[in-house]
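Below you'll find the structure, written out as structure tokens, and then a few comments.
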Amino acid sequence: KVIRNGAKFSTTIFRKKTFTGLYTRWDSYAPTSQKIALIRSLTIRAKRICSPELLDSEVSQLKSIFACNGYPSSIVERIISQVLENSNSRNPSGLPRAFIKLPWLRSASAPFKRKIQCLVEKYVPLCDAICCFTTRKMLCTTNKDVLPMTYLSNVIYLFTCECGRKYIGRTSCRLSERMNQHVSKRLVEFAAKPNVAPVKRPRGRPPKVTKFATPRNNILL
């Protein structure tokens, strides 16, 4: 937000009218490091954007916002003071960082993090291990049954005839329905009545689907 005062300009944080001040609450199921990082990141943003004469008012507003979200005032005061006093050095050690993503399991996460950092310091001393926790599932699992290939819709298919000719098409209906539309009607009637000999068998055989692809990735499988 830019504020004009005569011939000078001042900057501060802009918030929409719909801003409610809701952030990750202190008692939520999330790592404590993420909550501390939230205080640090919002303070760094205010320090970089706000003009010196408007920085104090923005810091006071941040303190009230964190108080509404249940953050302890002692922790908020300590983190804000550290950010305002320290420099902007993001990597004081100067070592290359290795980020390790781990699942968040409350009390079991912190001891496991310390063990990993001790092992890295012991066997890889020239690397700084940064453990990041997440509350999301690390492995993607699904309980849904996999549909057969012929039941898929919105696919790109390839028909290959025995004569060597090929046909590429795209359909929004089921693949099985589109396959039946490509087959000759007389051949379908013949297949429905196997005991009746046809007067004249149509030439060629029904084409078969050799490959298909979804339009999402545009890759022919």
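The values are calculated or read from the model by the stated rules, or taken from the named source; none is laboratory data. Everything numeric here is computed off the predicted structure, so don't read it as measured data. Note that each Cβ is placed from the backbone with ideal geometry, even for glycine, and that neighbours are counted across all protein chains shown. Surface areas here come from the heavy atoms of the whole protein model, side chains and all, with no ligands, DNA or RNA. Shrake-Rupley method; radii C 1.70, N 1.55, O 1.52, S 1.80 Å.
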Requested in this report: Might you let me know whether segment 165-178 holds any residue that is open to solvent by 100 Å² or more (accessible area, probe 1.4 Å), of a type in the set (Lys, Arg), at pLDDT below 80 and out of contact with any Pro (no Cβ under 7 Å at 6 or more places or on another chain)?
Outcome: no
Query raised in the report: If you go through segment 105-125 one residue at a time, how many are outside any helix (DSSP H, G or I) and either under 14 Å from Tyr29 (Cα atoms) or in contact with a Gly (Cβ under 8 Å, 6 or more places away or on another chain) (or both)?
Result: 1
Report task. Mind listing whichever residues of segment 16-37 are in contact with a Phe, Trp or Tyr (Cβ under 6 Å, 6 or more places away or on another chain) and either over 18 Å from Pro103 (Cα atoms) or free of Cβ contacts under 8 Å to residues at least 24 places away in the same chain (or both)? Result -> Trp26
**Report entry** Among the candidates Ser57, Ser33, residue that is modelled with pLDDT of 90 or more, in a helix (DSSP H, G or I) and surrounded by 11 or more Cβ atoms within 10 Å (Cβ to Cβ)
**Finding:** Ser57
Requested in this report: Go through segment 38-54 and count every residue that is free of Cβ contacts under 8 Å to residues at least 40 places away in the same chain and open to solvent by 70 Å² or more (accessible area, probe 1.4 Å).
Outcome: 4
Query raised in the report: For segment 74-87, does any single residue satisfy the condition of being within 24 Å of the chain's Cα centre (by Cα) and surrounded by 15 or more Cβ atoms within 10 Å (Cβ to Cβ)?
Result: no
